């Protein structure tokens, strides 16, 4: 979208379309409980794109699946979590009610379009099915709407293409077809989970353009999940950086890239090979992403953090306002800036005690 | 030790040509009378790699870059052309000579999940090439494997573990250790970091650079990620549909790309900088099938700088754009074959399955001002499609609107300084330069 003017403005008034609070999704195995998503909170407003960026295993996809109600045993969304969509609490819904939300409120695009399409039905068939189930449109009208949808996602010769099978489409075309299918449900929120990761860069550019266009046309809210910092910079208005199940930094996209505050975000941005060429070595982050199985009573990035100090292993950092401008927070004991170490620790402890009780304890 | 003397000898010869590829082709299938046309995965490429240098090979999936890499180390038999390695043509090697030569050229694969045998320990995996070539004694081989583990940043105790006990980055290190086992001079790295997270990527790239310095290796680095390539390569070749579109020193290519495809490709990379205001050239459509490549320039179906034939010089850019899209649609339809019933219907003139072409025409040309001499041919082609003869429509459009890009293969022209070469008709004096055309055509979009 046209971020070029200034996205440094606060969000408009009104309720967020999607509001996630203290989301905790755990996977119970015989040996341990893995806290794949651990106390994640964020909002998505109408017309904006919120990015979630993180390495594999950071819990970004599980966050998306939790919102869609797609967590199966042994996974579980803990009861303290709250996911409000358009004023409605989703975590309390029954399976049938959830299906209703997925059918018309929230649409999702996955990484692999091959797996989102049924290989034995034509593309037209699948779009018409979505139209019939969700909007009760059938017959010739369905055919027309389906053609329009395929055209709106930039597939040339749409009418003919409706009668083709997914294998006759190229990768980029398939992703377009999946987007058309999702649009058939007229969603208000679009969750895109690495929708361009499997595609070539020229095709990725096409799909990113398409998503932006669709979003502007329909004033959609979009939650965009990716590991690619370049894609995040391109498409999102606001970014949440995830690490080991937690959001470590939230910022507008400009702030995130110009003034990253959390040591992890900094390291992540510095390790992108890019503008600087051979000769200047790449910065690397020592160690590996841990599996979050212990309760969060410490900073999970501390073992790899170049700026960690003793207290990092003992106190869970809270989100601290670090921006000179709007809504920029980082969960790190280095902040608030300008205070002494003891003061900062006290500040975090005070926040933890005042905040939600679920943040301290072990619920399992 | 012989290793040391071998290395100093290699270092001394750094800078001279190690690999010289001449008009290399690799086609799959075809040949028989009834066979479908062959897939031209690599279709006549020539380049050289100097000793100690890293040549990057980039392109979209299906452009033939992996096939080229595999052909270079004889994992695939070349259909035509020569590969001279240190002066010997390796396409003709066989038997013992081939096995001997194989020590010199190794490969690291993209997917560390599937390129390591899960039933062998890491030690066995690294030792396997040594065993296969009967390298020294068993004791020596084991020691060599342990040495290799430490040089790729793993620990000796990892020798007895299995691949599934390792993370993706560590597995890739095992793959690299295996490739190094026989002290090769040349390693093909086929997307070695594509499957890894960015923080792990950085570590593997650093490792590869260190190893290159330590063992004086020559790399062919295959990737689709242009930013990684910029970081590690000395020179870069850009491939599209089996052909090298542009080849140059890395920095020159990134700063001053001349070929329309390279420019589009570079502009499509999302920058990790939201304030970057570079204009993106979004290419239409997808690469054509390598079974049925364009007769002229391979890139002509998507090129933003395609040359218009002279007699249609007056046609506006948006109309020309619509014509190109229309040709794409017709081309797409000519690829589908009709069933028997439809053929019968066509014979008696009652064929109607393709009537929807009118809608497509209206859709494409609806909002643009089409000149008389263009609309006449658009209509004629639509008529042919309606009659069930999209092949004829395709050739009708081709006859009318073909320009030099559709008709003739371009050549690699030297551009800029040094060995900068680009494959495009626009580098000849007859036609305008690439840059202003792209600028003009992408301004409004």
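Pop the C-beta distance of residue A:29 and residue A:298 into the FRET formula with R0 = 22 Å and round what comes out to the nearest 0.05.
Working: r = 22 Å, r/R0 = 1.00.
Calculated transfer efficiency: 0.50.
Of all the options A:271, A:116, A:152, the one that moves most in a Gaussian network model of chain A with Cα springs shorter than 10 angstrom is A:271. For chain A, the longest principal axis of the Cα atoms and the long axis of helix A:139-152 meet at an angle of about 50 degrees. Backbone N atoms of the range A:150-178 closer than 15 Å to the 7 Å Cα→Cβ label point of residue A:133 belong to residues A:178.
Rounded to the nearest 10 degrees, what's the angle between the helix B:138-151 long axis and the longest principal axis of chain B, both from Cα atoms, 0 to 90? So the inclination is approximately 60 degrees. Reducing the range A:307-337 and the range A:110-130 to their Cα centroids gives an inter-centroid distance of 45 Å.
Rank-order B:144-150, A:240-246, B:325-331 by packing density, defined as the average count of other C-beta atoms within 10 Å over each peptide's residues, highest first. Mind dumping the intermediate values first?
Numbers: B:144-150: 18.7, A:240-246: 25.6, B:325-331: 21.3.
The packing order, highest mean first, is A:240-246, B:325-331, B:144-150.
For the range B:312-445, what mean projected area does the convex hull of the alpha carbons give, in nm²? If you can, show how the numbers build up before the last one.
Numbers: hull surface 41.6 nm².
Answer in nm², one decimal: 10.4.
For the range B:312-368 and the range B:141-177, what is the separation of their Cα centres, given in Å? Here the answer is 58 Å between Cα centres.
The share of C-alpha pairs in the protein assembly as shown whose separation exceeds 51 Å stands at 21 percent. Taking label positions 7 Å along the Cα-Cβ direction at both residue B:77 and residue B:16, the computed distance is 3.2 nm, reported to one decimal. Mind grabbing the base-10 log of I(q)/I(0) for the range B:186-322 at q = 0.13 Å⁻¹? Debye formula, identical points on the C-alpha positions, no solvent, two decimal places. Values, matching the q order: -0.71.
Ellipticity at 222 nm from helices only: DSSP H runs of n ≥ 4 in the protein assembly as shown, each -39500 (n - 2.57), divided by the residue count, give -11000 deg cm²/dmol. Using the Stokes-Einstein relation with a Kirkwood hydrodynamic radius computed over Cα pairs, the translational diffusion coefficient of the range A:62-138 at 4 °C and a viscosity of 1.567 mPa s comes to 91 µm²/s. Once both labels are positioned 7 Å from their Cα atoms along Cα-to-Cβ, the gap between residue A:165 and residue B:120 label points is 3.8 nm.
Counts of other chain beta carbons within 10 angstrom of each beta carbon in peptide A:200-211 average 6.
Averaged over the residues of peptide A:247-256, the number of Cβ atoms from other protein chains lying within 10 Å of each residue's Cβ is 1.
Gain on full extension, evaluated as 0.36 nm per residue between residue B:143 and residue B:101 minus their Cα-Cα distance, stands at 12.8 nm.
If you average 1/r across every pair of different Cα atoms in chain B and take the reciprocal, what Kirkwood value do you get, in Å? Please report the intermediate quantities before stating the final value.
Numbers: mean 1/r = 0.0405 Å⁻¹.
The answer is 24.7 Å.
The length gained by stretching the chain between residue A:96 and residue A:216 to full extension, at 0.36 nm per residue less their Cα-Cα distance, is 40.1 nm. GNM remark for chain B: springs join alpha carbons under 10 Å apart, and the peak mean-square fluctuation among B:352, B:395, B:66 falls on B:352.
Relative contact order of chain B, taken over Cα pairs closer than 8 Å and 6 or more residues apart, is 15 percent.
What percent do you get for the relative contact order of the range B:310-402 when only Cα pairs under 8 Å and 6+ apart count?
Details: 69 pairs, mean separation 35.7, N = 93.
Normalised by residue count, the contact order of the range B:310-402 is 38 percent.
Beta carbons within 10 angstrom, averaged per residue: use that to sort the peptides B:420-427, A:106-113, B:157-164, highest first.
On the way: B:420-427: 23.5, A:106-113: 21.8, B:157-164: 14.8.
The peptides rank, most packed first, as B:420-427, A:106-113, B:157-164.
For the range B:264-320, the Cα-based Rg and Dmax, in that order, read 15.0, 44 Å. Within the range A:172-296, antiparallel bridges make up roughly 55 percent of the DSSP beta bridges whose residues both belong there.
Reducing the range A:249-265 and the range A:33-55 to their Cα centroids gives an inter-centroid distance of 15 Å.
Within a 10 angstrom radius of each residue's Cβ in A:158-171, how many Cβ atoms of other chains show up on average? Whole number is fine.
Working: counts 4, 6, 10, 2, 1, 1, 1, 0, 0, 0, 3, 1, 5, 3.
Taking all residues of A:158-171 together, the mean is 3.
Computed from the C-beta positions of residue B:167 and residue A:121, the FRET efficiency with R₀ = 35 Å rounds to 0.35. Site pair residue B:345 and residue B:275 shows an inter-label distance of 6.1 nm when each label is modelled 7 Å from Cα along Cα→Cβ.
Rounded to the nearest 5, what % of DSSP beta bridges with both residues in chain B are antiparallel? Here the antiparallel bridges make up roughly 60 percent for chain B. Our compactness index for the range B:127-261, the C-alpha radius of gyration over the empirical 2.2 N^0.38 Å, is 1.21. Relative to its residue count, chain A spans a Cα convex hull of 161 Å³ per residue. State the antiparallel share, in %, of DSSP beta bridges confined to the protein assembly as shown, rounding to the nearest 5. Of the beta bridges lying entirely in the protein assembly as shown, close to 60 percent run antiparallel.
Relative contact order for chain A: what is it in percent, counting Cα pairs under 8 Å that are at least 6 residues apart? The partial results should precede the final answer.
Numbers: 640 pairs, mean separation 72.1, N = 364.
The normalised contact order for chain A reaches 20 percent.
Ordering of A:180-186, A:22-28 by packing is A:180-186, A:22-28, highest average first (other Cβ atoms within 10 Å, averaged per residue).
Relative to the longest principal axis of the Cα atoms of chain B, helix B:372-386 runs at roughly 80 degrees.
A short reminder: the numbers here are calculations on the coordinates, not readings from a lab. Model, not experiment: these values are computed from the prediction. Neighbour counts are summed over all protein chains in view; Cβ atoms, including those assigned to glycine, are modelled from backbone coordinates with ideal geometry.
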